[in-house]
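To start, the structure under review is shown below, and the notes come after it.
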Amino acid sequence: MNEKEFQFEKIDIINYLNTVEEYELIKQLDKVTDIATKRCAKVKSGEKVLILGDTGSDERIMDLFLYKCREVGAEALKMSFHFVESVQKIPERVSRAMRECDVLFPFTKTAILYSDAIERTLEKGRILFMANLETHNMLRPVVLEADFEAMSQIGSIIKSIIQNAKKLQVKTKAGTDAIMYMDSNRPVKCRDSVADKVGELDYLPGGSWSAAPIEESVNGIFVVDVSLYPIGLLNEPVIFTYKNGWIENVEGGKHAKKMKDWLEYRQKINNGEKMHYFFSHIGGGINKRASATGNLMEDERIWNAFCISGGSNQMVFKGKNNAHSHWDGMCLDCTLIADGVQIIEDGKFVHPQLAKFEK
């Protein structure tokens, strides 16, 4: 074993190398860490970096990030807190550390994305979001074999199309058939894993676009047939019927029942609030190396799958939903039509500017 090749002697990583398999794992994680710190977040000397976890996080990947950031001269700090169910309960000391950093790498299992602390971090910092992702998911082709340049190009084109669209229609052969209207004053987000400027929040894995329609304009049926947070990978579809932006019905088998139970549970713990029944955002995948895993951090990137969601959309999309909960579901092989112009047909780009990426 050549530990010096990876220069882990300055931190306690070597204690993890108990087996050949573990050693190979660390080598692969080292590649992920390089992608994240150098290509994506572009960490620089002198910057304040916070590697944030909780009791569900993998200390190995956090330690690697700590070392890589210190290696380039950054002032890196690792912090962890006990898992909490509600984003409203993040410890104040943790929130303060987040607000004071230049770069934040979250690895928490606590759902912090829509917390006030994240929003305040972006006032003078940037975030590469890697939370809610198991370590083995970071080693998949969706990260290690991603075509970051293609994702950036596709994202730029889709952003322009969606930003200027007034009416969107989405269909799938599985039965999805819905319409919605867009507001050009709301941002369209394209995630290519680059977060190198103040105020930027991006993700690793990357490769998705998203936008918030006018909530009350969403009407129709969405057949979620890939994965659904908080359920996971689906072996039967869950059918959502929307009327004027609100869930009117959730149909299906055991997964639909679990989803209805979750919606009721979130309403209970949030003092009767029902805004997670109200529409949040849409989106689609543009990473050819993504496949269905049951983890939305990858599944939202599946090539031309369509994302629907409920819950909070104020921070990222400047919408009107202020829910304290959030959920997402994926519909495979969508057909997407913007103002009568077909963008995607049965999971393949057909728009003149995008069809070349199907090669």
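The values are calculated or read from the model by the stated rules, or taken from the named source; none is laboratory data. Because the structure is predicted, anything quoted here is derived from the model rather than measured. Ideal geometry is used to build each Cβ from the backbone, glycine not excepted, and the neighbour counts take in all protein chains shown.
Okay, here's what the table says:
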| read-out | value |
| --- | --- |
| Restricting segment 213-246 to residues that are surrounded by 21 or more Cβ atoms within 10 Å (Cβ to Cβ) and charged (D, E, K, R), the residue that is farthest from K167 (Cα to Cα) | D225 |
| Pick from segment 87-122, criterion over 18 Å from the mean Cα position of the chain (by Cα) and within 24 Å of N271 (Cα to Cα), ranking: surrounded by the most Cβ atoms within 10 Å (Cβ to Cβ) | I90 |
| Strands (runs of 3 or more DSSP E) wholly inside segment 209-295 containing at least 2 residues that are in the same structural domain as S325 (by TED's automatic domain parsing) and hydrophobic (A, V, I, L, M, F, W, C) | 219-224, 238-243, 246-252, 279-285 |
| Sole residue being under 22 Å from the mean Cα position of the chain (by Cα), modelled with pLDDT of 95 or more and among the small types (G, A, S), chosen from A36, A76 | A36 |
| Unique residue being under 30 Å from W246 (Cβ atoms) and touching a residue at least 60 places away in the same chain (Cβ under 8 Å) when the list is L133, L128, L201 | L201 |
| Hits in segment 34-61 (condition: surrounded by 22 or more Cβ atoms within 10 Å (Cβ to Cβ), of a type in the set (V, I, T) and outside any strand (DSSP E or B)) | T37, V43, I61 |
